[in-house]
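Note sheet for the following structure.
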Amino acid sequence: MQDELVDPKLVEELLSFSRNVADAPKLVPAPNEITLESTPYDVVYEYDKMRLLHYKPLVEKQIKTPLLISYAIINRFHILDIQPSKSWVRKLLENGIDVYMIDWGSPSNIDKYLDFDDYVNMYMDDCIDYIRKEAQVENISLQGYCTGGTISTIYAALHPEKVRNLIVTAPVIDGWKDTTVVSNVGKHIDVDNLVNTIGNMPPEFMYYCFSILKPFEQGLEKYYKFFKNIHDKEFVDSFLRVEKWLSDTPPIPGELFRQWIRDIYQENLLVQNKMYVGGKQVDLTKISMPIFVQVAVGDHLVSPECSMPIYYAVSSEDKVMRVYPIGHVGMIASSFSQKQILPELCQWIKERS
């Protein structure tokens, strides 16, 4: 009677899973052994820990207006070039776009006093001035992803004459409308006490925040899928590349973190035009250049409702907002982004460059 209650398919699935777990050390390299096959670039400018990367062109005909990408202050820029078939950077280059990228680097204890003013009015402004001089143009296209989208938005409001087109991809704009775990944690922490005690936000703190976003999906389910698909080389390759990227999380400068939590999440100053950076008011109505807003419905790091308000806050007459059925990372590193998101963006940039 008991034998009849056992599902043979379930038994076979469990046995197969067990064999995959046992075979894993022989089949799978460690994430740090994976080569990302990054698109070639030159480091054309450096300031402190920050580097400005200039990617080598892949086609002869290029549009005149360069594009600078500001990645987030969390993790590293590699996710935008995680592998050739899903590379955001490579797709832009294939469309004749001249691509630059800011690598914010890994802050040390000496950098704990860096704030929004340093990131916006020093690092980013220096990069943009370098590109303008090098390309012999008055202004450039600027794209920011996640928290890099917030920094780009602030820059465009303070230096609109230097930005020809603005692209914001899953930006953090309206902190009070962000319902993610990260936002909820940020709204209820004593950020002054935290920063005054430990200085820079260490990678371990960010790992903790990521782990509680989707505890089951990011824990048991993720590794169950990994071992279940251990013989699928394409799946394993993509999994390990993302794991390598996730493990490369730099600290966040303490003062920047303090301002971020207080001004964006707790007091929500940015969307109200009450935020000050470098002693100057950040007025989103000063953003009048063409703007492309990209939002992900399944975003668990930045709520769609948090990103969308930028579309309504700016004074731009030429503005577009696209909402995609994808997640935060899938927005920039997936087959879907290659087939739908990037072709739309590339066409939009070409028409305005």
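The values are calculated or read from the model by the stated rules, or taken from the named source; none is laboratory data. Only a predicted model underlies this, so the values are computations on that prediction, with no experimental measurement involved. As a convention, Cβ positions derive from the backbone with ideal geometry for all residues, glycine included, and neighbour counts pool all protein chains shown.
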The residue that is farthest from VAL277 (Cα to Cα), considering only those in the stretch 101-131 that are part of a helix (DSSP H, G or I) and of a type in the set (Phe, Trp, Tyr), is TYR130
Out of (1) assigned to a loop (DSSP other than H, G, I, E, B); (2) at pLDDT 85 or above, the one LYS214 does not meet is (2)
Of the residues in the stretch 261-311, those that are at pLDDT below 95, farther than 24 Å from LEU194 by Cβ and either surrounded by 21 or more Cβ atoms within 10 Å (Cβ to Cβ) or basic (Lys, Arg) (or both) come to ASP299
In this structure, is LYS339 of a type in the set (Lys, Arg), surrounded by fewer than 21 Cβ atoms within 10 Å (Cβ to Cβ) and either within 24 Å of LEU114 (Cβ to Cβ) or modelled with pLDDT under 95 (or both)?
no
Considering the stretch 318-353, residues that are closer than 14 Å to VAL89 by Cβ and assigned to a loop (DSSP other than H, G, I, E, B), and then whichever is farthest from the chain's Cα centre (by Cα), we arrive at ALA333
With criteria (1) farther than 30 Å from ASN196 by Cα; (2) in contact (Cβ under 8 Å) with a residue 60 or more places away in the chain; (3) crowded, with 20+ Cβ neighbours inside 10 Å, LYS162 comes up short on (2)
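Residues are listed down the side, and each one gets a yes or a no for (1) under 22 Å from the mean Cα position of the chain (by Cα); (2) free of Cβ contacts under 8 Å to residues at least 24 places away in the same chain; (3) assigned to a strand (DSSP E or B):
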site: GLY149; (1), (2), (3): yes, no, no
site: THR153; (1), (2), (3): yes, no, no
site: ALA157; (1), (2), (3): yes, no, no
site: ILE167; (1), (2), (3): yes, no, yes
site: VAL182; (1), (2), (3): yes, no, no
site: GLY186; (1), (2), (3): yes, no, no
site: VAL195; (1), (2), (3): no, no, no
Could you say whether any residue in the stretch 299-313 is more than 22 Å from ILE73 (Cβ to Cβ), free of Cβ contacts under 8 Å to residues at least 40 places away in the same chain and assigned to a loop (DSSP other than H, G, I, E, B)? no
Among residues of the stretch 56-100 being out of contact with any Ser or Thr (no Cβ under 8 Å at 6 or more places or on another chain) and part of a strand (DSSP E or B), the residue farthest from ARG132 (Cα to Cα) is ILE69
Scanning the stretch 197-211 for residues that are surrounded by 12 or more Cβ atoms within 10 Å (Cβ to Cβ), at pLDDT below 90 and in a helix (DSSP H, G or I) gives PRO203, PHE205, MET206, TYR207, CYS209, PHE210, SER211
